[in-house]
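Okay, so here's the structure we're looking at.
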Amino acid sequence: MTAPEAEVTAPEAAACAPPRWGMIEFMAADPGPRVPDSIDEFRALARARLNTFDRIAVPDDLATRRAAVALCVVDNGAGPAVIVIKRAYRGRNAGQWGLPGGRVERGETLERAAARELHEELGLVADPADVLGVLDDFPAASGFAITPIVTTLSDIADLDPSADEVHSVHFVDLHSLAAEGTPHWVRRGDTDTPATPETGLLQMRLAPDMTIHAPTGAMLWQFREVVLLGRRSAAARVAHFLQPDWTHH
């Protein structure tokens, strides 16, 4: 199932590059705040911070459709990193950046939906014990209320991306995600003009060729603020973040 939340710049979404099934790209680390250097250290830190996070959920009567994504931290051989995918150049959200995930099926819990999608898209198996916590629901302009399930896996030997759904797999190390220069705020229609979180469009600039907007960018930003940097819940809300016009479907 294709997740509804992934974003990329409009020109990139329209591109039709040859597929690179299962290609793994390692993001270079940028200097930044101290972050966990091992999965065990990350797991302990994340559990503690998410345990005190005052999560906001979209009420059922306001959620037209629900989706869940796996914000999955793994050891890629160079330290803890978040899995980010580029979707296959076909179907919904073609060629866009995202997190493994998709629509929640009838009778399915959010955690189970995220784990199922992680397995269907990447061949990885997450058990209930691998779930560390849940971040805020993001009310996407597409009509989905998207729930990020923070998960960690110690072993990714079974990584096997689905060619039907995944163009490429990328590991964003925690240092890059936590780096001061990663989040940028720009005004709509003018990407060179600085803006504020209240008036601007978020761009998570994770690599020269990887800029991610809301909703996915918003979830990565909240993960960065709450889990990696230890910000207070009230200072890390994302439901009001603007989305590019091309994500409104």
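For Gly133, nonlocal amide neighbours, meaning residues 5 or more places apart or on other chains whose placed amide H falls under 5 Å from its own, are Val150. Near Leu132, once Lys and Arg are set to +1 and Asp and Glu to -1 for all other residues with Cβ below 10 Å from its Cβ, the sum equals +2. When nucleic acids and ligands are ignored and a 1.4 Å probe is applied, Phe223 ends up with an accessible area of around 0 Å².
Kirkwood analysis of region 104-247, using all unique Cα-Cα pairs, places the hydrodynamic radius at 16.6 Å. Loop-located chymotrypsin sites (Phe, Trp or Tyr not before Pro) in region 38-112 (DSSP state not H, G, I, E or B) with no more than 14 neighbouring Cβ atoms inside 10 Å do not occur. To put it simply, the accessible area of region 94-249 at a 1.4 Å probe is 49 percent carbon and sulfur. Just for region 40-176, what percent of DSSP beta bridges are antiparallel, to the closest 5? Of the beta bridges lying entirely in region 40-176, close to 65 percent run antiparallel.
The mean accessible area for residues of region 125-249, using a 1.4 Å probe and ignoring ligands and nucleic acids, is 38 Å² per residue.
The local environment of Leu228, defined by Cβ-Cβ distances under 10 Å, has a net charge of +3 under the rule Lys, Arg +1 and Asp, Glu -1.
The values are calculated or read from the model by the stated rules, or taken from the named source; none is laboratory data. Here the structure is a predicted model, which means the values were calculated and not measured. Please note: Cβ atoms are built from the backbone with ideal geometry, for glycine as well, and neighbour counts cover all protein chains shown. Note: accessible area is taken over every heavy atom of the protein model, side chains too, but ligands, DNA and RNA are not part of it. Shrake-Rupley method; radii C 1.70, N 1.55, O 1.52, S 1.80 Å.
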